[in-house]
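Sharing a structure, written as structure tokens. Questions coming.
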Amino acid sequence: MNTDFNDLVALMAKLRGPDGCPWDRKQTAESLKPFLVEECYEVVDALDEGSPDKIREELGDLLFQIIFHARLAEEQKQFTINDVIRTNIEKMTRRHPHVFGDAALSTDKEVLANWEEIKKKEKGYTERRSILEGIPRHLPSLLRAHSLQERAARVGFDWSRIDEALPKLDEEMAEFKESLKKEDAEARKSWVISFSCS
């Protein structure tokens, strides 16, 4: 496996090299974005189809995109594919203290709650003003709406029927109307931030 992985990394370096492929050499992180997204969806389609051969092939295409982006970053002296792997190992180890440490978590809900607590202590999290930050802007609309609802549900914004949400909506609207009456721009800004954090 390690030899095959290294061979793939070397293949990418060759494609980007002086005697490599003109198309591959011309690519940038920006120009590759559509291909990265497309490969993700092709993996999802393959999973839906359920064919192991198709899943293997599409995962390979997605992996190639990851190798490609890492190669571009390495050329810019930003990071290498090994840095990507090491960072992910460290993150997954840190976020699974019930597997790699002594935390006692026995349900998926406990794991998810602990995961969120761990994320709050990580670099960059303190700058977040809303629990909704970090959801990719480029997700398709329905998938983005689903992700937003999942995040909101984690902090109690989750009802089985729409009419159950009405009292909370009334409460938030009352706060907003109050800030309008006071013509208090800071209060409105605070309301928007707190509503999106809720």
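The values are calculated or read from the model by the stated rules, or taken from the named source; none is laboratory data. Since we're looking at a predicted model, the values are computed, not measured. Quick reminder, even Gly has a Cβ in these numbers, built from the backbone with ideal geometry, and neighbours come from all protein chains shown.
Can you tell me which residue is farthest from the chain's Cα centre (by Cα) among those in segment 14-42 that are surrounded by 14 or more Cβ atoms within 10 Å (Cβ to Cβ) and either over 15 Å from H69 (Cβ atoms) or aliphatic (A, V, I, L, M) (or both)?
G20
Which residue is surrounded by the fewest Cβ atoms within 10 Å (Cβ to Cβ), if the candidates are limited to segment 48-84 and must be aromatic (F, W, Y) and under 14 Å from N6 (Cα atoms)? Walk me through how you get there before you give the answer.
If we filter segment 48-84 for residues that are aromatic (F, W, Y), which is where we start, we get 64, 68, 79.
Filter once more, keeping what is under 14 Å from N6 (Cα atoms): 64, 68.
Numbers: F64: 16, F68: 19.
Applying the filter and picking the extreme gives F64.
Ok, one more. I need a count of the residues in segment 129-172 that are over 22 Å from L36 (Cβ atoms), exposed (fewer than 11 other Cβ atoms within 10 Å of the Cβ) and either hydrophobic (A, V, I, L, M, F, W, C) or under 14 Å from the mean Cα position of the chain (by Cα) (or both).
2
Also, quick follow-up: In segment 21-32, how many are over 17 Å from A73 (Cβ atoms) and either in a loop (DSSP other than H, G, I, E, B) or in contact with a strand residue (DSSP E or B) (Cβ under 6 Å, 6 or more places away or on another chain) (or both)?
Final tally of qualifying residues: 1.
Here's something else I'd like to know. Looking at segment 135-161, which of its residues are modelled with pLDDT of 75 or more, assigned to a loop (DSSP other than H, G, I, E, B) and under 23 Å from A113 (Cβ atoms)? Walk me through how you get there before you give the answer.
Going through segment 135-161, the residues modelled with pLDDT of 75 or more turn out to be 135-153, 157-161.
In the following step, the residues that additionally are assigned to a loop (DSSP other than H, G, I, E, B) were identified as 135-140, 157-161.
Within segment 135-161, I135, P136, F157, D158, W159, S160 qualify.
Condition check ((1) touching a helix residue (DSSP H, G or I) at 6+ places or on another chain (Cβ under 8 Å); (2) in contact (Cβ under 8 Å) with a residue 24 or more places away in the chain; (3) closer than 14 Å to A29 by Cβ; (4) small (G, A, S)) across all residues:
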position: F68; (1), (2), (3), (4): yes, yes, yes, no
position: T80; (1), (2), (3), (4): yes, no, no, no
position: A104; (1), (2), (3), (4): yes, no, no, yes
position: T107; (1), (2), (3), (4): no, no, no, no
position: V111; (1), (2), (3), (4): yes, no, no, no
